Every structure is written in structure tokens, then in C-alpha cells.
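> This is the structure I have questions about; it appears just below.
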């Protein structure tokens, strides 16, 4: 009898715990369903008549949709056409263009960025042009830039502010053409976590990619070519940058310029093709202090393919005062 009573007590205890968890899930489920809900709004530059943001009655401008979505998580779907406006993507906004070739955001004010991105926002499927910068990513803003064309901006194609170096604040740039901007293609001006994959970065008047000290980065499967400066300019100090399978060619200066101001870091180059650049394939610049370059600049399992670079393949350490 004692054994049976023990088993019944254990069963009743387990039943109580299970019922408690079950009731908690029932109570919390509506909250989670509500918190994850996203609104959908539609935009068409040819809209007429009633404009309430529905699929049948879209807004005429992207900013009208952003105003309606204020404070909400929202997907905004934009039909092809040219939208002459500067926009800010606030937290939780995902902006989808019908087709990157003919869904165009052209800056109305050319002294502002065409698109300003705040935290937890995404832009996908647009041509973005004619701003002071194409896209400005705010400090500590987790953001995604996917399947876009960013061109003909007065300074950088993509400008990334310094912020916390963490997964929750990373900037992802993928399947995008960053081309023919009047300064650099992609520039991070301070420490940041960046993922740059499967892009074409070409024809920019200065460097293709410029990443500051303290960057944590993954750069892979990009074509970086015909830029007016170096293909990539990377600073070692405090950085951890891994590169793989990039094709870096015919840039006016170095294929990759690496620099140190005396602080250790790590830049790894793996399985890349670095050819026909105007100076060195890879340059090592010591701008201050001293580091062990053999430990800080490394090469993966397969050495990069280096040929046709005018000044040579890998430079000696060049001391610059």
C-alpha cells in the first residue's frame, strides 16, 4: 500500500506541474501570437482614388506606408516604378520591391541618404540612387540589405556607423550590386559586425570595401573590381575578418590593403583570386607601432591566386610615418 501511495503522490505531483505548464502556455500563447503579428501595406506610384495601403487600394508613396506603419512590425510591398523620396526604415520594417531593376528609390534631397536604416529593418529588391549616400545604417542597428542595386550616390553606396560588435547588431549585405558611387562602395567607419556575401562591388571612385579597426567580419563570394582605390581596405587593430572565395581584380590600387596602427587583430584570406590590380595584390602597411604580421595576417588552407598585379603579389611591410 505504501508503494502504491508513493506512486499516486508522484503521479499527482507530475499532473499538477504539467497542468501548470499547460495553463501557462494557454495564457501566454495569445500574447506571443499578437507580438509576432506583422501588418502588410502596399505601395504603387500609379495609385489613384482611395489609398488606404491595402492590396486593392495601395498608397502612392513609400513614406505614406511608413507613416501608417509607425510603431508596428510591418511588411511594405512596393510595385515597380520610380519613387522620388528619402525614407527612414524604423524598427521592425521590411521593405520589399517588386524588382530591383525597375523599383527605384531616387533621393528627393540629395544632401541626405536616400535610405536611412534603424534597428531590425530590411530592404530587399530596389535600385537606390542619387542621395548623399545610398544607404546609411544607424549605430547598433541590426539590418539586412538584400538583392538591391545601389548606385550613383554622391558619397558611399553603403555607410555603416560604429556600434556594438554583436550578433544582434550585425549588418548583412547580400546579392547586391554596389556600383558607380562617387566615393567608396561599402564603408564601416568604426567597430561593427558585418557579413558581406555574394555581391558585385565595382566602378566606385574610391575603395570597394573599407572596414575600420575593431570590425568582426565575414566577406565571401564577392566580385570586387574596377574600383578607383583598393578592392578592400582593412584595418587589423582589434579586428577579426575572415575572407573567402572573393574575386578581386583590376582595381586602381591594391587588391587588398591591410593596415596596422600597432594593435593586434586577425585578417584571414582564403581561396581568393586577386589579379591585375594597379599596385600590390596584397599590401601590408604599418602606420604606427609594431606587430607580428605572420600571426595577424594569415592565409587559409588554399593560398589566394595572385598574378598580374603591377607592383607584385604580397608587399614587404611598408612603414608609413
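> Work out, step by step, the length gained on full extension between residue 198 and residue 39: first 0.36 nm times the residue separation, then minus their alpha carbon distance; give nm to one decimal. Write out the running numbers ahead of the final one.
Numbers: separation 159, 0.36 × 159 = 57.24 nm, distance 3.01 nm.
That pair, residue 198 and residue 39, stretches by 54.2 nm at full extension.
> Next question. Taking Cα atoms, how many degrees apart are the long axis of helix 2-35 and the longest axis of the chain, rounded to 10 and kept between 0 and 90?
60
> What's the Kirkwood radius of the chain in Å, using all Cα pairs?
Details: mean 1/r = 0.0461 Å⁻¹.
Radius from the Kirkwood sum: 21.7 Å.
> Return the whole-Å distance between the Cα centroid of region 199-265 and the Cα centroid of region 77-96.
29
> Still on this structure, please answer the following. For residue 172 and residue 303, compute 0.36 nm times the residue count separating them, minus their Cα-Cα distance, and round to one decimal in nm. Spell out each step's value before the answer.
On the way: separation 131, 0.36 × 131 = 47.16 nm, distance 2.62 nm.
Length gained, residue 172 through residue 303: 44.5 nm.
> When all alpha-carbon pairs of region 168-321 are counted, what percent fall beyond 21 Å?
Tail fraction, whole percent: 37.
> What translational diffusion coefficient, to the nearest whole µm²/s, does region 97-191 have by Stokes-Einstein, given a Kirkwood radius computed over alpha-carbon pairs, a temperature of 10 °C and 1.306 mPa s viscosity?
Values: Rh = 12.8 Å.
For these conditions, the coefficient is 124 µm²/s.
> In Å and from the alpha-carbon atoms only, list the Rg and Dmax of region 45-139.
Rg, Dmax (Cα atoms, Å): 12.5, 40.
Every read-out reported here was derived from the displayed coordinates using simple, explicitly stated rules and does not represent laboratory data. Only a predicted model underlies this, so the values are computations on that prediction, with no experimental measurement involved.
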